[in-house]
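Below is one structure; the comments refer to it alone.
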Amino acid sequence: MLSRIWHHCCSLKLAIYLASAVTLLLMGGSLLIPYNSDIFSSMDQMAMAEWLERVAAARLGKTWWFYLAGVLTVLFGLNTICCFIDWLRQIGARWRKSGEYLLHLGVALVLIAYLWGAVAGWRHNGMQFNLGETTALPNWPGHYLRLENFQPIMSPNGPPKDMISSISLLRGDQVLSRGKVQINQPLMYQGVVVTPVSFGQQPIGFRAILSNLQQVELLTGKIIQLQDGGRLQILRFLPDVQRKTSGEIFYRSNSLSNPAFELRYLSPRGAAWQGWYFARERLPAELQAAGLQIRLLSPLYSSYSALTVNYDPGAKLATIGGLLMTIGVLLALFSFYRKRRNQDRPEI
Amino acid sequence: MTNIHLLQTATLLYSLAVFGYLLLIIFKRRWLQLTAQTFIISGFLLQTVCLLWRWKLAGFLPVTNLFSTLFFFSWALAACYLYFEIRYRIGASGLFVMFLNLCLLGIALQRDAELPTLVPALDTPFFSLHIVFSFLGYAFFAMAFSLGVLFLIQRYVPNQQLPRLTTLRKLNEESIFLGFALFTLCMVIGAIWAYWAWGYYFSWNIKGVWSFLVWLYYSGMCHAKFVRRWQGTGYALLSIAGFGVVLFTYLGIGLLLESNHPLE
């Protein structure tokens, strides 16, 4: 009975049926991909398990085929492993098929690796890192990425040829890895891979003239000592805000549509005021009453680098699988020609 | 003389070879076969020189738009044909492949042959290897298609000029096996490159999915040859259907659908 089940698990026909079913399902289902970008365009931006849970589960009418193809692929992978084990048991008589069965093992390892990455991995696609800042990685608590330097290499006719980001990967204050990330040269650290996506500039404040013709830079965190002895602190700069009727302020975008500063003013006598200054409106009455004038001159920008930070614990296993597939194919080719030369089973 | 003149001359030589093989079917003269072979070898050499010339001019293997991929596919097909011709003397059995080759060149020569600028992500040896193995794989699948058609012709309308059914079957199986082996290398290299460039080794873009399907389909065919019921006619039909999948993956997706492998 057990022998019959095992024989069935290793069966060539089962492999062909499963591969055919997966092929037909993916052929039909994949044609939905270009026409339903709201569902499928995020597949590469999230780990597969997250995509299945957050996106696919909500649109089962158009994604059911994917679940079915996934189950059949897992069965196909199990069948491949069974075939490999069966070959191992009879390796004495079938060693000349080593190439073919290394290929089987490679495929099985790649499938296991993908499944592992799909369940335990995570992806941050095109995350924005500002120059000189340390940014937390949301899916990896306690870990940060710092953009230390950024240099775009432009081609003579305009488009960028490369984007070189010098980064540090940190656990708390401890540097885990440091290096340069550029096109086709990622930073890799224990399953984490950082690749470049794009870059740009974002407004971070304004150059301004104060009432006494003093020229200053209004940047987040900056404290300006005024000539009358008072102090002006820039608590926050937001390039584009929306003000609700309740008075609450919401960040809207990174374009300079409606910039605003959150300021704290400390008068020489120690009285404090804190509030918002909307650049398109007059200076708040409290600041005007204190004799302060601010004339904005020009916006200040900072470079940012958009990077993809992915974690795939199965990547190493997939590499081993790919290597075995390559060796398997080369051995199979060698064995094929050897058999032909020796007229050994010339029909195969 | 420009590199395109070389390509035009190669096309002319291939056309003469096809004409020679057609005459061979009617007149069955040995010298016709030798002449056709000479035309193909000369055409292939000219096309190789043209490819190397364009490679030197561009500074990279120029296979990034429709013209250059059609050109490279055609070169790979001619190389594949020569492999079978030199190894097995298949003669007029390569007629379909050479006819397909002419179709590819016919379409290519109507398009802009200017060398495209290279997208930075493609500036890596991984890309060149990925493309070379991919089109060599496609070429063997095209050869299998041709041999599949010939198998069916020989089976239902026997012809003295065509090889025996067992030979056609053997050649078809070899073509599928070699195509699968090369396409496997293409997939492995593509996966490594994707991981380095984008941080994942498999993309759920439609091109990625269909490339996997091509691989899965032909891996199924490598197994199907051991199933008695699928040997012969069934295998020939699968070879023909498989080439449909290849054409859709290469041209259908690149031209009709939005993908990460656009053809312009």
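We did not get these values from a lab; they are worked out from the coordinates using the rules stated. These numbers were taken from a predicted model, which means no experiment stands behind them. All Cβ positions, glycine included, derive from the backbone under ideal geometry; neighbour counts span all protein chains shown.
For the pair A:Leu60 and B:Thr38, what calculated FRET efficiency results from E = 1/(1 + (r/R0)^6), where r is the Cβ-Cβ distance and R0 = 51 Å, to the nearest 0.05?
0.25
Would you kindly calculate the translational diffusion coefficient of the range B:125-264, applying Stokes-Einstein with the Kirkwood radius from alpha carbon pairs, for 37 °C and a viscosity of 0.692 mPa s, and quote it in µm² s⁻¹ without decimals?
209 µm²/s
First measure r as the distance between the Cβ atoms of A:Gln151 and B:Tyr156, then evaluate 1/(1 + (r/R0)^6) with R0 = 56 Å and state the FRET efficiency to the nearest 0.05.
0.25
Based on the inverse mean of 1/r over its pairs of different Cα atoms, what is the Kirkwood hydrodynamic radius of the range A:212-292, in Å?
Hydrodynamic radius (Kirkwood, Cα only) of the range A:212-292 equals 13.4 Å.
Name the long-range amide H neighbours of A:Tyr301: under 5 Å, sequence gap of 5 or more, or other chain; modelled H, no Pro or chain starts.
Distant-sequence amide H within range of A:Tyr301: A:Ile204.
When the distances between all Cα atoms of the range A:33-169 are binned every 10 Å from zero, what whole-number percent does each bin get?
Calculated over all Cα pairs of the range A:33-169, the distribution is 10, 23, 23, 23, 16, 5, 0 percent.
What is the projected area of the convex hull of the Cα atoms of chain A, averaged over all directions, in nm²?
Seen from a random direction, the Cα hull of chain A projects 28.7 nm² on average.
Please sort through the DSSP H helices of chain A and keep those with an alpha-carbon extent of at least 15 Å along the long axis and a Kyte-Doolittle average not below 0.5.
A:12-30, A:60-89, A:98-120, A:315-341
Just counting partner chain Cβ atoms within 10 Å, what average do the residues of peptide A:26-33 show around their Cβ?
Counting other chains' Cβ atoms within 10 Å and averaging over A:26-33 gives 5.
Determine the shielding of peptide B:191-198 by partner chains: average, over its residues, the number of Cβ atoms on other chains within 10 angstrom of each Cβ.
Per residue, the number of nearby Cβ atoms from other chains is 6 on average.
By how many nm would the segment from A:Asn139 to A:Ala49 lengthen if fully extended, with 0.36 nm per residue of separation less the alpha-carbon distance?
Additional length available on full extension: 31.0 nm.
Determine, for each peptide in B:14-26, B:176-188, the mean count of other beta carbons within 10 angstrom over its residues, then list the peptides with the highest first.
Ranked by mean Cβ neighbours within 10 Å, highest first: B:176-188, B:14-26.
Across 10 Å bins from 0, what is the distribution of all Cα-Cα pair distances for the range B:179-239, in whole percents?
21, 41, 24, 12, 2
In Å³ and rounded to a whole number, note down the convex hull volume per residue for the Cα atoms of the range B:1-118.
For the range B:1-118, the hull spanned by Cα atoms encloses 89 Å³ per residue.
Once the piece of chain linking A:Gln225 and A:Arg178 is laid out straight, how much longer is it, given 0.36 nm per residue of separation minus the C-alpha distance between them?
Stretched out fully, the A:Gln225 to A:Arg178 stretch lengthens by 13.2 nm.
Across peptide A:4-16, what mean number of C-beta atoms from other chains lies inside 10 Å of a residue's C-beta?
Counting other chains' Cβ atoms within 10 Å and averaging over A:4-16 gives 2.
Would you work out if the protein assembly as shown is rounded, prolate or oblate? Take a ≥ b ≥ c from the square roots of the eigenvalues of the alpha-carbon gyration tensor; rounded if a/c is under 1.5, else prolate when a/b is larger than b/c, oblate otherwise.
Prolate is the answer for the protein assembly as shown, as a/c is 1.5 or above and a/b outweighs b/c.
With labels modelled as points extended 7 Å from the Cα through the Cβ direction, what inter-label distance (nm, one decimal) is found for A:Ser11 paired with A:Lys316?
3.9 nm
I need to check one value: relative contact order of chain B, counting alpha carbon pairs closer than 8 Å and at least 6 residues apart, in percent.
The normalised contact order for chain B reaches 18 percent.
Give the order of A:Arg89, A:Arg269 when sorted by the count of other beta carbons within 10 angstrom, beginning with the fewest.
Lowest to highest Cβ neighbour count: A:Arg269, A:Arg89.
Seen from all sides and averaged, what is the projected area of the convex hull of the Cα atoms in chain B, in nm²?
Projected area, direction-averaged: 14.0 nm².
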